[in-house]
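Undergrad: Take this structure first; my questions come after.
The values are calculated or read from the model by the stated rules, or taken from the named source; none is laboratory data. A quick note: this is a predicted structure, and the numbers were derived from the prediction, not measured. Glycine also receives a Cβ, built like all others from the backbone with ideal geometry; neighbour counts cover every protein chain displayed.
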Amino acid sequence: MAKHVQSVRHLGMFLPDGSLTIAQCATLACLLEATAPKPGNVHRSADFEDLCFADFVVSAAAVGPAIGNAEHQGVGAAILEAIRATRAFVPTNTNLGCVLLMAPLAAVPRSQSLQHGIPDVIQGLTHSDAKMVYEAIRMAAPGGLGQADEMDVRDDPPNSLVDAMRLAAGRDFVARQYANNFFEVLSCVTPWLVDARNMGWPMTTAIIHTHIRLMADFPDSLIARKCGEQVAQESSARAKHVLASGDPDTATYQQALHDFDFWLRCDGHRRNPGTSADLIAAGLFAALRDSMLVSPFR
């Protein structure tokens with residue numbers, strides 16, 4: 001029995017101290033994010049015409065091994081392998097933003113804090129990383145991508161992935177994390193999630209409330225690209241209304257949340273706050289990686 005346990009640990013199924021492996025953190029973060037019934041997003045009780053909850057579950061399982069190897073194989077390789085693994089099972093983009101965010105975080109040695117380690121990872125990105133990330137983006141074919149005057153993903157990859165992300169930071173909140181050392185993920189989303197759990201809220205409530213806080217403070221960049229800045233600002237104002245309506249266990253909050261969800265969905269899924277969801281997954285990954293969120297995850 002002892003020999004069997006040692007072999008399981010060697011395979012990375014769990015760590016000797018009982019903490020999750022990086023691969024497990026990635027898969028669990030994606031599962032928790034997708035399962036929570038966040039307004040305007042796919043979840044267990046709400047699918048899109050071209051995308052269903054099962055697609056996100058399969059994607060979560062697919063990306064774990066690649067993200068788990070990010071520290072050793074590099075950020076670009078981990079991103080490309082994760083998208084390839086997803087595409088082998090899911091025909092529509094489910095997780096490009098999540099993967100773009102989790103891979104650099106996963107590349108930070110676990111002996112370092114994410115805040116101290118992520119700048120070195122970002123600064124160490126190479127032209128090879130840029131080539132693989134550009135290939136992954138083309139493979140994922142995300143909606144609402146638009147076209148850029150410089151360093152467009154349809155062009156040859158740039159020498160510096162960080163320079164490309166900086167150019168896109170004003171219109172893409174995922175790219176912005178590469179430009180500011182993941183400030184919003186590590187200084188907003190992760191502590192908000194942990195604070196909500198420390199208040200005794202269920203995991204689902206904590207995730208939804210953090211998602212609303214994020215949308216209130218930072219208009220979703222996917223909504224802005226698909227529907228325009230005015231609609232993105234309106235979504236932010238509506239998120240602020242939800243927060244002002246009361247605590248999550250009140251009827252007024254639940255009604256405001258329901259109304260917000262209806263408004264986000266009433267234009268097909270063009271108002272889908274997908275970028276905010278990506279940052280939630282990254283914040284969950286960071287919290288799980290550092291054992292700030294513990295079981296039971298409900």
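Undergrad: What about I79, is it modelled with pLDDT of 95 or more and closer than 20 Å to S160 by Cβ?
TA: When the stated conditions are applied, I79 passes them.
Undergrad: Looking only at helices (runs of 4 or more DSSP H) that fall completely inside region 179-241, which ones have 3 or more residues that are under 15 Å from the mean Cα position of the chain (by Cα) and surrounded by 24 or more Cβ atoms within 10 Å (Cβ to Cβ)?
TA: 203-217
Undergrad: Taking region 251-289 only, how many residues are of a type outside the set (A, V, I, L, M) and closer than 16 Å to A206 by Cβ?
TA: Here the count works out to 5.
Undergrad: Check G117, G76, G97 and return the single one that is of a type outside the set (V, I, T), assigned to a helix (DSSP H, G or I), out of contact with any Cys (no Cβ under 8 Å at 6 or more places or on another chain) and within 19 Å of C52 (Cβ to Cβ).
TA: Exactly one residue qualifies, and that residue is G97.
Undergrad: Tell me, yes or no, whether region 221-230 has at least one residue that is touching a Phe, Trp or Tyr at 6+ places or on another chain (Cβ under 7 Å) and at pLDDT 95 or above.
TA: There is at least one residue in region 221-230 that is touching a Phe, Trp or Tyr at 6+ places or on another chain (Cβ under 7 Å) and at pLDDT 95 or above.
Undergrad: Among the residues of region 79-94, which ones are in contact (Cβ under 8 Å) with a residue 40 or more places away in the chain and not in a helix (DSSP H, G or I)?
TA: Residues satisfying the conditions are T92, N93, T94.
Undergrad: Taking region 198-213 on its own, how many of its residues are free of Cβ contacts under 8 Å to residues at least 60 places away in the same chain and either farther than 17 Å from T35 by Cβ or not polar (S, T, N, Q) (or both)?
TA: The number of residues fulfilling the criteria is 7.
Undergrad: I'd like the full set of residues that are without any contact (Cβ under 8 Å) to a residue 40 or more places away in the chain, surrounded by 15 or more Cβ atoms within 10 Å (Cβ to Cβ) and assigned to a helix (DSSP H, G or I), limited to region 243-262.
TA: L243, Y253, A256, D259
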